[in-house]
Amino acid sequence: MVNRLRTADWSRTPLGDVEHWPETLRVAVTMVHGSRFPMLICWGPELIQIYNDAFIPIYGGKHPQLGCRMQDTWAEVWPILEPMLGGVMATGVATWSENVLLWVERGAARDDVTVEDAYFSWSYSRIQGPDGSGAGIYVAATEATQQVLEDRRGRALAAITTGYAATREEAAHQVVAAMARHPDDVPFAHVYLPGEDGRGYAPVAGPGLGGLPAARDAAWPPAPAGADPEIVALPPGFPAVTHAQSGLPVTHAGVVALGGHGLLVCGLSPSRPRDEAHLRFLTALGTRVGAALGAGQAFADERMRSEQRLALARATIEREEAERSLAIAERFRFACRAANVGAWTLDLRTGRTELDENVELMFGLSPGTLDGSLDDIMWRIDDEDRDRVADAIAVVTRDGGEYVVEYRMTRPDGSRRAFQARGMATPGADGRPALLHGVLWDATELIAAQTASRESEERLRTALEAATWGSAIIHPDGRIAQVNQALCDLVGYDRDAIVGMCCQQLVHPDEERVPNPGGRQHRGPRAAARHGRRPRDLGHAELGAGPGRRQHRAPPRRPRPRRDGAQELRGRAAAARRPRRPHGAAEPPPLRRGAAARRRGTAGPPGRRARSSCSTSTA
């Protein structure tokens, strides 16, 4: 620029020859050309430009502009710059502008871009003339376009995250929605996924999908030859897209391969040249989008594998349950056959029955003889029981609940058998009884045994009442089950008071030990009636409800006196001095409690004592 400054014909400019320049201008020019910072001098009322080498990139294709007017060079942004320059020239107050967007035309078009969105930071300061007025303006400027674009594109890349997406298609929609929030760098974005048959690509996410080319067998979008993005022109018929910042139509797009997950087609800003920085941005964009689609595909694959494992586990469980149910059913059939029990199901609406083979075998029929209808069973039941069975079925059909019935049937071989059936009704979808499930067993021997038992009990009861001596039937636990009137007259109780008592409650506590039919030894069989008094060991139970009855309680036990240490030692010494009975020797006869009672003075009145005999029978 120094050589250009020296060789320029300044006489054709408003500044005139260099020899006539004022000293102030000479000093300013020397200072500007000695600086490596982009600097510009706007001199005179017409703001003639003189700049250094560092200022050339700001002009771009407009260089050289040495000696030209500021208004002519920056005509597209002059409405913005003129007020600022005029104010500084008039007031002398310097200005500072940082990262201001200016739509500039840098001369020759680059990549079909004539108007660029450029960001500049600059400062204006006045140069005073000899008379103190404004003679020119110092301009210190720097372009911050790349810094602003990197920050803006970084925010656009950060918005594309590998968030939750259940499928690759869902991830594609999330990616397109994230890029739609940054229209300055990505005017539009479309994601194409591989076709299901592996032929071509199909658009799945992006604005205006209805107007996009079919893409299955068409040449759009063209796949990049390598990993680098490919810049292509939009085909005819592509939906029109306008750049939001500049208002210019979008004519080109970048196609980026997504690593086997399809293609990304994103519009390019018509106000930015396709330089290396723009290509790096497209590459980074494709990497982020491919990672998001891969995460969605991995999640879908893992979910599919989980569903497959779950289906396999469910099939295994179902097979095991089926095998277990089959085994249980087999054991149930075996148990029913061993117990001579048959299972059946009756459809209360259609009258159809499902019987296992045990039912037919109990009926004396071969398996498969019955046709499955209820009528085929009813006519085989004896006439005197058929109506009762029909009434029981009618009640269950109307009210539901439990089904219990007993009937008799004559087999084909002439034998007459008795059967018992028990079932439970289950409701249908309308809440009314629909099915009756139950079991059937042959109760001929059981009914015969019950009849024989009732007859035996009746004979025993008759014999007990006919006995002239006091008799009772006692349970194994010692409780009295039945008594005859003779025993009631003997002990002085009515029948209701005796039944349920323990047999030891009817004897005096001073009597001898007698065997108890229940297995315990009870003290004394001397009847209370022998002394004309009631027994005293009835506890707190009331002996009767008739007039003159008293409530008797057991006498309190006398507490055993405690022995001190000396008494305990003397007792042990006395026990050690007693002679021991040799092993195997017979025990001495026990001392009769009657004699002991007489010695204590607690025996009854002297004279002949009438003993009562009591015969017992264990129930």
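Select from region 290-347 the residues that are closer than 30 Å to ALA177 by Cα and loosely packed, with under 15 Cβ neighbours inside 10 Å and list them in ascending order.
At the first step, the residues of region 290-347 found to be closer than 30 Å to ALA177 by Cα are 290-307.
Across region 290-347, the qualifying residues are ALA298, ASP301, GLU302, ARG303, MET304, ARG305, SER306, GLU307.
Just a yes or no: is a residue in region 175-197 in contact with an Asp or Glu (Cβ under 6 Å, 6 or more places away or on another chain), surrounded by 15 or more Cβ atoms within 10 Å (Cβ to Cβ), modelled with pLDDT of 85 or more and in a helix (DSSP H, G or I)?
Of region 175-197, the ones in contact with an Asp or Glu (Cβ under 6 Å, 6 or more places away or on another chain) are none.
No: region 175-197 contains no residue that is in contact with an Asp or Glu (Cβ under 6 Å, 6 or more places away or on another chain), surrounded by 15 or more Cβ atoms within 10 Å (Cβ to Cβ), modelled with pLDDT of 85 or more and in a helix (DSSP H, G or I).
Which of the residues belonging to region 356-370 are open to solvent by 30 Å² or more (accessible area, probe 1.4 Å) and over 22 Å from GLU330 (Cβ atoms)?
Selection gives GLY364, THR369.
Those residues that are closer than 18 Å to THR287 by Cα, outside any loop (DSSP other than H, G, I, E, B) and open to solvent by 30 Å² or more (accessible area, probe 1.4 Å), I need them from region 220-261; list them, please.
In the first step, residues of region 220-261 are kept if they are closer than 18 Å to THR287 by Cα; the result is 223-231, 253-261.
Adding the requirement that they be outside any loop (DSSP other than H, G, I, E, B) leaves 230-231, 253-257.
Answer for region 220-261, where residues must be closer than 18 Å to THR287 by Cα, outside any loop (DSSP other than H, G, I, E, B) and open to solvent by 30 Å² or more (accessible area, probe 1.4 Å): GLU230, ILE231, ALA257.
Just name the residue that is nearest to LEU5 (Cα to Cα) out of those in region 24-70 that are surrounded by fewer than 17 Cβ atoms within 10 Å (Cβ to Cβ) and hydroxyl-bearing (Ser, Thr, Tyr).
THR30
Please work out which residue is modelled with the lowest pLDDT, limiting yourself to region 141-162 and to residues that are under 30 Å from ALA300 (Cβ atoms) and open to solvent by 40 Å² or more (accessible area, probe 1.4 Å).
THR162
Which count do you get for residues in region 276-289 that are surrounded by 14 or more Cβ atoms within 10 Å (Cβ to Cβ) and acidic (Asp, Glu)?
0
The values are calculated or read from the model by the stated rules, or taken from the named source; none is laboratory data. Only a predicted model underlies this, so the values are computations on that prediction, with no experimental measurement involved. Virtual Cβ from ideal backbone geometry, glycine too; neighbours counted across all protein chains shown. To get the accessible areas, we keep the full protein, side chains included, count just its heavy atoms, and leave off ligands, DNA and RNA. Shrake-Rupley method; radii C 1.70, N 1.55, O 1.52, S 1.80 Å.
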